[in-house]
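Since the structure comes first, as structure tokens, the remarks are kept for the end.
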């Protein structure tokens with residue numbers, strides 16, 4: 001038996017940051033949306049992202065901030081300008097959550113975790129009349145165009161006047177972002193770009209020697225170069241390759257190069273504080289009875305993961321020539337063979353194409369259906385850019401829904 005749910009002015013499918021911010025925008029316009037989520041509770045990915053410290057946004061100049069969105073900047077710029085980083089900090093403050101800037105410019109809640117912010121946010125939404133429904137997995141539309149949901153009590157059908165889809169991308173499937181919605185939109189004429197991993201690790205053909213020693217080893221204070229990009233930071237060695245830190249920042253360019261050419265060559269400056277000539281001069285000093293490892297450690301303070309990586313990528317003739325070795329230390333090549341699977345990625349690229357939407361975020365092919373958040377075709381590096389855009393997109397979409405409903409027959413809140 002299928003139960004029909006009446007009196008739902010706006011249904012929001014997806015209870016992550018974009019969906020909840022759409023609800024907040026609708027409340028501000030006098031509407032009372034209902035939020036449906038497949039998981040046992042709302043904001044599961046939001047909570048998981050905050051386990052190591054919730055990176056809300058970033059304090060860098062707005063023009064620099066906006067450039068982080070790459071090819072999607074022209075689409076995201078208006079919404080982020082309307083809800084920029086300082087507005088996000090003010091919004092969090094209104095929820096009783098103070099924020100601070102880390103040394104890198106990243107902005108975090110004072111308590112670092114996502115839980116207090118999410119609880120305060122949901123409390124405010126529910127107090128404003130927003131109904132939330134967990135354990136409601138969207139199943140697409142029925143023949144009449146109404147929303148179908150699987151629930152513990154059986155299937156229900158919801159017929160709202162407008163629907164916001166905030167279903168996430170294709171990473172973190174265990175938390176609900178599984179892209180199961182793609183066929184349902186595609187069969188109704190919505191163009192969806194294929195999903196690919198973003199902010200991900202990469203596979204390298206390590207030797208068995210390195211594999212047995214590499215897992216979790218950080219490579220700190222290095223500079224990674226790829227194409228015109230040169231970034232200082234750190235990354236982590238794994239048994240399959242590399243991940244973390246600046247690898248994530250470069251991941252879009254690396255992924256696209258692998259797609260185009262079958263592999264990507266990344267260069268690592270292991271000692272950015274020393275010139276090639278200075279490294280060669282220090283290496284040229286007689287090492288006597290010292291082992292090569294001790295010589296590197298004493299002459300260059302180079303050991304641990306850096307030494308392991310250098311031995312992995314150097315040939316015997318490189319190790320025997322101090323000038324060739326100095327050249328390698330300043331530009332150690334690592335060949336990346338493939339990005340890790342999308343289910344392991346922090347985020348994804350791809351999704352609903354921008355030309356499938358009108359200026360209100362409504363699907364041109366399906367009037368009354370709006371899309372927002374990570375299910376749209378954009379990507380960003382870590383550092384607060386992902387969450388900022390999700391919040392800004394949700395807010396803009398909520399106002400788009402209210403604007404569209406205002407052009408139709410009057411409706412009750």
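Rule-based calculations on the coordinates, nothing more; no lab input. Here the structure is a predicted model, which is why all the values come from computation and not from measurement. FYI the Cβ positions are ideal-geometry reconstructions off the backbone, even for glycines, and counts take in every protein chain you see.
Take every DSSP beta bridge with both residues inside the chain and express the antiparallel ones as a percent of the total, to the nearest 5. Please report the intermediate quantities before stating the final value.
Numbers: 42 of 59 bridges.
Taking every DSSP beta bridge with both residues in the chain, the antiparallel ones total about 70 percent.
Assuming 0.36 nm per residue, please report the length gained on full extension of the stretch residue 71 to residue 51 beyond their Cα-Cα distance. Kindly include the intermediate steps, with their values, before the conclusion.
Details: separation 20, 0.36 × 20 = 7.20 nm, distance 2.96 nm.
Gain in length upon complete extension: 4.2 nm.
If contacts are Cα pairs under 8 angstrom and at least 6 residues apart, what is the relative contact order of the range 202-339 in percent? All intermediate terms of the calculation are to be shown ahead of the outcome.
Numbers: 216 pairs, mean separation 44.3, N = 138.
Value for the range 202-339: 32 percent.
Which of rounded, prolate, oblate describes the range 202-339, given a ≥ b ≥ c as roots of the alpha-carbon gyration tensor eigenvalues and a/c under 1.5 marking rounded, otherwise prolate only if a/b is larger than b/c? Kindly include the intermediate steps, with their values, before the conclusion.
On the way: a/c = 1.99, a/b = 1.65, b/c = 1.21.
In terms of gyration-tensor shape, prolate.
Over the chain, what is the relative contact order in whole percent, taking alpha-carbon pairs under 8 Å and six or more residues apart?
Numbers: 848 pairs, mean separation 103.1, N = 413.
So the answer I get is 25 percent.
At what distance in nm do the modelled label points of residue 205 and residue 86 sit from each other, each positioned 7 Å from its Cα along Cα→Cβ?
In this crude label model, residue 205 to residue 86 measures out at 5.3 nm.
Calculate for the chain the 222 nm mean residue ellipticity that helices alone would give, adding -39,500 (n - 2.57) per DSSP H run of length 4 or more and normalising by residue count, nearest 500 deg cm²/dmol. The partial results should precede the final answer.
Values: 15 runs with 149 residues, N = 413.
Result for the chain, helices only: -10500 deg cm²/dmol.
Starting with the fewest neighbours, write out 146, 261 ranked by other beta-carbon atoms found within 10 Å of each beta-carbon.
So the ranking, lowest neighbour count to highest, is 261, 146.
Looking only at 109, 173, 40, which one moves most when the chain is put into a Gaussian network model with springs between Cα atoms under 10 Å?
In this elastic network of the chain, the residue with the biggest mean-square fluctuation among 109, 173, 40 is 40.
Once you've got the GNM for the chain with C-alpha springs shorter than 10 Å, pick whichever of 137, 230, 44 has the biggest mean-square fluctuation.
230
So if we plug the beta-carbon distance of residue 103 and residue 359 into 1/(1 + (r/R0)^6) with R0 = 30 Å, what FRET efficiency do we get, rounded to 0.05?
On the way: r = 39 Å, r/R0 = 1.31.
So, using R0 = 30 Å, E works out to roughly 0.15.
Each label point is 7 Å from the Cα along the Cα-to-Cβ direction; what then is the distance between the points at residue 186 and residue 232, in nm?
4.5 nm
Report the gain in length on full extension from residue 263 to residue 174: 0.36 nm times residue separation, minus Cα-Cα distance, nm rounded to one decimal. Write down the numbers at each step before the final one.
Values: separation 89, 0.36 × 89 = 32.04 nm, distance 2.93 nm.
Between residue 263 and residue 174, full extension yields an extra 29.1 nm.
Specify the angular offset, from 0 to 90 degrees and rounded to the nearest 10, of the alpha carbon long axis of helix 245-261 from the longest principal axis of the alpha carbons in the chain.
Between the helix axis and the principal axis of the chain, the angle is about 90 degrees.
Pick from 115, 351, 14: which is most flexible by mean-square fluctuation in a GNM of the chain where alpha carbon atoms under 10 Å apart are linked?
Taking springs between Cα atoms under 10 Å, the residue moving most is 115.
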